[in-house]
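The values are calculated or read from the model by the stated rules, or taken from the named source; none is laboratory data. Values in this document were obtained by computation on a predicted structure and should not be read as measured data. Here the Cβ positions follow ideal geometry from the backbone for every residue, glycine too, while neighbour counts run over all protein chains shown. Calculation scope for accessible area: heavy atoms of the full protein, side chains included, ligands and nucleic acids excluded. Shrake-Rupley method; radii C 1.70, N 1.55, O 1.52, S 1.80 Å.
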Amino acid sequence: VQLQASGGGSVQAGGSLRLSCTASGSGFSILRLAWYRQAPGKQRELVASITTGGSTVYADSVKGRFTISGDNAKNTVYLQMNSLKPEDAATYYCDLIAAPDGRRYWGQGTQVTVSS
């Protein structure tokens, strides 16, 4: 399984970005897709996750500003990020938990920079 993330970039505070991550490969199905982020000197943290059934979880820090969505037919997860803050700046990673064995896969990361 390979994950290809895209959509990062540099924006001013208050701006928006949309991240995408597409899973490819064979012999797997998706249990959950998620976005994590890691800022320099900080631990990687969960931003948002979505199951194939559509259940979502958000970090408190992004609730009301970020929206995670998925396209099961395309094996793609999106993260719409609005009202970006400088503290949202990080490398964002997509993460997949696959069936049937629960194995975990990570994308390569995409950089988000937010200037004040």
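For the reader, a short list of remarks on this structure follows.
- Protein-only accessible surface order, largest first, of 85, 74 at 1.4 Å: 74, 85
- Student exercise, the stretch 74-116 dipole from Lys, Arg, Asp, Glu Cβ charges, in Debye to nearest 20: 120
- ³J(HN,Hα) computed for each position of the stretch 60-73 - Karplus, 6.51 cos²θ - 1.76 cosθ + 1.60, integer Hz, glycine/proline x: 4, 5, 10, 4, x, 10, 10, 9, 9, 8, x, 10, 4, 5
- Probe 1.4 Å, protein heavy atoms only - accessible area per residue of the stretch 6-116 in square angstrom: 51
- Rounded to the nearest 20, the Cβ-based charge dipole of the chain about its Cα centre (Lys and Arg +1, Asp and Glu -1) stands at 20 debye.
- Within the accessible area of the chain, the carbon and sulfur atoms contribute 45%, probe 1.4 Å, all protein chains present.
- The slack in the chain from residue 59 to residue 18, taken as 0.36 nm per residue of separation less the alpha-carbon distance, amounts to 13.1 nm.
- Gyration tensor verdict on the stretch 56-102 (Cα atoms; rounded if a/c is under 1.5, prolate if a/b is larger than b/c, oblate otherwise): prolate
- Peptides 56-62, 27-33 ranked from most to least packed, by the mean per-residue count of other Cβ atoms within 10 Å: 27-33, 56-62.
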